[in-house]
Amino acid sequence: MRYEDLAERVVAGEHRAIARAISVVEDGTTEAAPLLGPLFGCAGRARVVGLTGPPGVGKSTLVDRLTAEWRGAGQRVGIIAVDPTSPFTGGAVLGDRVRMQAHAGDSGVYVRSMATRGHLGGLARATGDAVVVLDAAGHDVIVIETVGVGQGEVEIARTADVSVVVTVPGTGDDVQAIKAGIMEIADIFVVNKADREGADRAVAEIEAMLALQESPSEDRPPVCKTQASTGAGVAPLVAEIDALARGARHRGGRRRERARSRLRAALTDRFLDAVGDATIDAAVERIVDGSADPYREADGILERALAARRGAAAAAAGRGAGASDG
């Protein structure tokens, strides 16, 4: 199938086409360019919401309840559930999809599980491109549920309009899982399973940590309490998310950072493809045997790539001049 035809079917909202398109971007970003180019022009309307937090806090159940709220308002929802990849087999359980079966028969909800395949930062490498696909397909809200490994999951801040950090009370140190970088990327904090003892203390501790920051009080992230198992507190959380998403779209800062991140990733992919595995493998051998270091090898590869580019441009110019003379 031609990618142009596939792009048209994605924009029409065909689920099979969406599944195929996401598989294409997972297989390789460079090869997916003819598909993503047309789709990018049709994207940019969806609100992108990221949920992160340690395992066991109920992220999948919360996503399920949030989806029900948005569907109740007549909005189409796309869900990307990122699961960790086994370092031994390379496989992934993809269990989040199993926990979202309540929407399996709803044509207004599209759920896709993605494995990290070793990519760090809590997201799969192709997550940003999958967002473009779902956005172009007409989804009003796109929810990204990250791996749930803790403080390393800061990449979501460069991908989502609104980043939601979820925790639960009663873990001993209720804010241990949301220190360092995670504190700084959150737009909203959620204390889930708020029926547990210690929920109010967890809220107070998060608010106390936020008060230590230099930002004005009106700019501090709100702290919400929810019970995802019953749906309690989910409607107010949706209102907070939607309000912040509209503000993020108006300011444009997140989208500019997302565009910068996507461009850098595309440049990296194309440069590595142009260099080729053989060149990289040869450089690795020289580094391993001690005859070179990574920094000189990187400089050498870059210089050769630029020289080859200049040579190709000069040859093309020469051919053009010869044709005009003839």
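Of all residues in segment 57-91, exactly one satisfies the criterion of being within 21 Å of SER163 (Cβ to Cβ), at pLDDT below 85 and open to solvent by 60 Å² or more (accessible area, probe 1.4 Å), namely PRO84. Counting residues in segment 263-280 that are modelled with pLDDT under 90, within 30 Å of GLN75 (Cα to Cα) and assigned to a helix (DSSP H, G or I) gives one or more. Elements of the type helices (runs of 4 or more DSSP H) sitting completely within segment 172-260 and holding at least 3 residues that are surrounded by 12 or more Cβ atoms within 10 Å (Cβ to Cβ), modelled with pLDDT of 90 or more and more than 24 Å from the chain's Cα centre (by Cα): these cover 199-211. Filter segment 2-31 for residues that are touching a Phe, Trp or Tyr at 6+ places or on another chain (Cβ under 8 Å) and open to solvent by less than 50 Å² (accessible area, probe 1.4 Å) and give the result. Once the filter is applied, which keeps residues that are touching a Phe, Trp or Tyr at 6+ places or on another chain (Cβ under 8 Å) and open to solvent by less than 50 Å² (accessible area, probe 1.4 Å), segment 2-31 yields ILE18, VAL24. Screening PHE271 with (1) touching a residue at least 12 places away in the same chain (Cβ under 8 Å); (2) surrounded by 13 or more Cβ atoms within 10 Å (Cβ to Cβ) gives one miss only, at (2).
Among residues of segment 223-244 that are over 13 Å from ASN192 (Cα atoms), those with a beta-carbon under 8 Å from a residue that is among the basic types (Lys, Arg) at least six positions away or on a different chain give the pairs ILE241/ARG47; ASP242/ARG47. Would you check which residues across segment 101-125 are on the phi < 0 side of the Ramachandran plot, part of a loop (DSSP other than H, G, I, E, B) and either at pLDDT 90 or above or surrounded by fewer than 24 Cβ atoms within 10 Å (Cβ to Cβ) (or both) and list them? Residues satisfying the conditions are ALA104, GLY105, ASP106, SER107, GLY108, THR116, HIS119, LEU120, ARG125.
All conditions but one from (1) at pLDDT 90 or above; (2) within 19 Å of ILE80 (Cα to Cα); (3) of a type in the set (D, E, K, R) apply to GLU8; the one that does not is (2).
The values are calculated or read from the model by the stated rules, or taken from the named source; none is laboratory data. The structure presented is a predicted model; accordingly, all values stated were derived computationally and were not measured. A quick note on method: Cβ atoms are made from the backbone with ideal geometry, for glycine too, and the neighbour counts reach across all protein chains shown. To get the accessible areas, we keep the full protein, side chains included, count just its heavy atoms, and leave off ligands, DNA and RNA. Shrake-Rupley method; radii C 1.70, N 1.55, O 1.52, S 1.80 Å.
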